[in-house]
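Presented below is the structure to which this report refers.
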Amino acid sequence: MKIEKNIIGLVIVFAMVVSAGCGKKTPVPQPKFNKGAARDVIEGNTWYMKGCYLKALESLHKAYEKFTAVDDQEGIARTLNNLGTLYRAEKDYDSALLFFDEARRIFSSIGESRGLVQTLSNKAAVYTDMNDLTKAESALDEADSIAVNKTIVLPTLKSNRALVCIRQKKNDQAKTLLTEALAMTSEAKPFEYATITHAMGVLMETSGEPDQALVYYKKALEADRKAGYSRNTATDLSDIGRVLMAQGKHDEALDVLYRSFNIQTLLNDPTGAEVTSVQIKLCLETLGDKKPDIRVKEHFMKRWAEGEKKAGLCK
C-alpha cells in the first residue's frame, strides 16, 4: 500500500470509553494494552497532523495490534477508520475504502453509531476525491439518516456534503451547508474548524469571489498553523498563492508559495512540492526582472532537497 503521497484528510482523535459499575459507579480499569493503544492512536494522529505519514502508520499499526490482543472491537474499528484516513491522504483510495468498509462493519455490529457516521462521512470524502459523486451521495445519505435518528452532531458531515455540491455546481446549497457547519464548530476544534473554513474557501474561489476565498483560506491557515498541522498549512499556503496569482499579485503569491514549498520539501512531499514548484516558476517568469532576490531561499531548498535536514521533523 502506498505511503508516500499527499492530500488533506479527516481523522478522529477519540476518547476511550470507560465502563462503570454499580453502587458508587467506580470506573473499571482498562486493560493495560487498551491504555497503550490509546496512546498509540493519539501519537499516530499527532504524526498525521504534522504530515509524517510513515510515523503515523507505525503508531496506528501498534494500536491495532494492542486492541486486537484484548479483543477491543470499538478500538479496532476506530483504528481502522484512522488508517483509512491515512491511506486517503496518500491517495491510495482502494486501501482507504477497504479499511473504511471494515471499520463500518465493526461499528455496525457493535452498535457504535457515531463511529459509523464518521466512517461513512470519510468514505464519502474518498468517493468525492475520486469524483464518483453518486457513491459519495449514497454514503452521505446513509450517514445523515443515522445521524438524525441518533441525534449525532457532526459538522464535517455537512462540509463533506458541501464539497459534493461544489463539484455538482450547486454553490448555493454548498454555502448553506458550510454556513451551518461553521455555526456548529469553533476555533477550539482546530482540525474541524480548518477543514470547514478551507472548504468555504474552495466554494468562494469556485464562485468567482477571490477576496472571500482568501479570507477563508487564511482562517484555515491560522488554525492549522497554531495547531502545528504542517502539511495542511502547506496546502493552505499553496491555495492562497494560487488565488493571488489569479488576481495578478505575483509578488505576494511568490512569497506564499515558497513558504508552502519549504514545508513540502521538509516533509518529503514530492507530489505537493511538484505542483507548487510549477506555480513558483510561473510567478518568476511573470515577474521577470522584477523578481525578488531568492538566493537565500534556494540555498536552503538545495540543502533540504539533498537530504541535509537537521531538525528531523518526522523522527
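The values are calculated or read from the model by the stated rules, or taken from the named source; none is laboratory data. In this text, all values refer to a predicted model and were calculated from it rather than measured experimentally. Cβ atoms come from the backbone with ideal geometry, glycine included; neighbour counts cover every protein chain shown.
Given the conditions (1) at pLDDT 95 or above; (2) in a loop (DSSP other than H, G, I, E, B); (3) not hydroxyl-bearing (Ser, Thr, Tyr), and given that residue 8 satisfies all but one, which numbered condition is not satisfied?
Of everything listed in (1) at pLDDT 95 or above; (2) in a loop (DSSP other than H, G, I, E, B); (3) not hydroxyl-bearing (Ser, Thr, Tyr), residue 8 misses just condition (1).
Suppose we filter 286, 265, 276, 233 for residues that are part of a helix (DSSP H, G or I) and under 18 Å from the mean Cα position of the chain (by Cα); which single one remains? Please lay out each step first, then the result.
On the way: 286 fails: under 18 Å from the mean Cα position of the chain (by Cα); 265 fails: under 18 Å from the mean Cα position of the chain (by Cα); 276 fails: under 18 Å from the mean Cα position of the chain (by Cα).
That would be 233, the only listed residue that is part of a helix (DSSP H, G or I) and under 18 Å from the mean Cα position of the chain (by Cα).
Enumerate the pairs (first residue in segment 106-130 and farther than 12 Å from residue 163 by Cβ; second residue anywhere and at pLDDT below 95 and among the β-branched types (Val, Ile, Thr)) with beta-carbon separation below 6 Å, excluding pairs fewer than 6 apart on the same chain, so at least 6 apart or on different chains.
What qualifies is 118/12.
Does any residue of segment 170-178 turn out to be in a helix (DSSP H, G or I), closer than 17 Å to residue 222 by Cα and not small (Gly, Ala, Ser)?
Initial filter on segment 170-178 (in a helix (DSSP H, G or I)): 171-178.
Cutting the leftovers down to closer than 17 Å to residue 222 by Cα gives us none.
No, the conditions are met nowhere in segment 170-178.
Any residue in segment 89-99 that is part of a helix (DSSP H, G or I), free of Cβ contacts under 8 Å to residues at least 60 places away in the same chain and buried (at least 22 other Cβ atoms within 10 Å of the Cβ)?
First pass over segment 89-99, keeping only residues part of a helix (DSSP H, G or I): 89, 93-99.
Adding the requirement that they be free of Cβ contacts under 8 Å to residues at least 60 places away in the same chain leaves 93-94, 96-99.
Keeping just the survivors that are buried (at least 22 other Cβ atoms within 10 Å of the Cβ) gives 96, 99.
Scanning segment 89-99 turns up at least one residue that is part of a helix (DSSP H, G or I), free of Cβ contacts under 8 Å to residues at least 60 places away in the same chain and buried (at least 22 other Cβ atoms within 10 Å of the Cβ).
What are the pairs, 6+ residues apart or on separate chains, where a residue within segment 155-177 that is free of Cβ contacts under 8 Å to residues at least 60 places away in the same chain and closer than 16 Å to residue 195 by Cα has its Cβ under 7 Å from a residue that is of a type in the set (Lys, Arg) and in a helix (DSSP H, G or I)?
Listed by first residue and then by second, the contacts come to 177/158; 177/161.
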